[in-house]
Amino acid sequence: MPCHLFCLLCFCRQYRLGTHDDIQGLDLIPEMQAAIDHLHALGSALVPSKSHWYLINFIWKNGTWKYQSLVNSPGDLSMLDHTGSRVSLERIEVTEAHKSLGLMMAADGNWNAEVAFLQKASVEWQVNLQASHLSQVNAWYTLTHMINCMIEYPMMATSLTKAQCKMIMTPFINAGLSASGIVCSIPRAVVWGPF
């Protein structure tokens, strides 16, 4: 994520300086190249195939600001890879999410991909638990220490609604409680309260 934001900041600096007439082939020099050189000095490198960038550009349309698409805002960013060859970085739409630091993030702030990812994980865990033959103790352990932790991890960085959280959590909570020998309709304050 920091490298993605850094790429964006470098591009915006170039764009503001008036070089936006020719944004094709814009290099991330000098700021991005300095960051890449620092990574090389530490024995690491950026991998172009794992990197992407967004061009966040707005247009006034029908009385409101709208994000411009790739077609309406052409551009290309490139960097040197570990062999010294110049490689173009993948550019994606601001509405498209990519996994970064454990989150499915989109530049426009939508969490649709993250909700879909977490809901899929919740339903898959529910199906796997129902097909397993775990004891009640092991079912409780997997509920509290595996799937619950996996779902909790990204929550601090997201801004999901209560309805979205409930939609994500209902499948695995109900399956986990049932497999643990706890009635699903018990108030959640009792389930998660101190023992």
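Where a number appears in this text, it was derived from the coordinates with a stated rule and is not lab data. Predicted, not measured: the structure shown is a model, and the values here were computed from it. With ideal geometry, Cβ positions are generated from the backbone for all residues, glycine too; neighbour counts draw on all protein chains shown.
Between residue 95 and residue 120, what's the calculated FRET efficiency when r is the beta-carbon distance and R0 is 22 Å? Round to 0.05.
Values: r = 19 Å, r/R0 = 0.88.
So, using R0 = 22 Å, E works out to roughly 0.70.
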For a quick check: with amide H placed at 1.01 Å from N, whose amide H comes under 5 Å from residue 77's, ignoring anything fewer than 5 positions away on the same chain? 89
Taking a virtual spin label 7 Å from the Cα of residue 88 along the C-beta vector, which residues in the stretch 43-74 bring their backbone nitrogen under 15 Å of it? 49, 52-55, 70-74
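Using mean Cβ contacts within 10 Å as the protection proxy, how do 79-91, 165-177, 38-50 order, highest first?
The packing order, highest mean first, is 165-177, 79-91, 38-50.
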Calc'd 3J(HN,Hα), the stretch 159-169, phi into Karplus 6.51 cos²θ - 1.76 cosθ + 1.60 (θ = phi - 60°), Hz, glycine/Pro = x, comes to 10, 7, 7, 4, 5, 5, 4, 5, 4, 6, 7
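Mind ordering 152-162, 107-117 by average Cβ neighbours within 10 Å, highest first? Spell out each step's value before the answer.
Numbers: 152-162: 11.7, 107-117: 16.4.
Going from most to least packed, we get 107-117, 152-162.
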Work from the charge dipole of the stretch 19-175 (Cβ charges, +1 for Lys and Arg, -1 for Asp and Glu, about the Cα centre) and give the residue of 89, 33, 167 farthest towards its positive end. 167
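So how much slack lies between residue 39 and residue 152, counting 0.36 nm per residue of separation and subtracting their Cα-Cα distance, in nm?
Values: separation 113, 0.36 × 113 = 40.68 nm, distance 3.10 nm.
Value of the extension gain: 37.6 nm.
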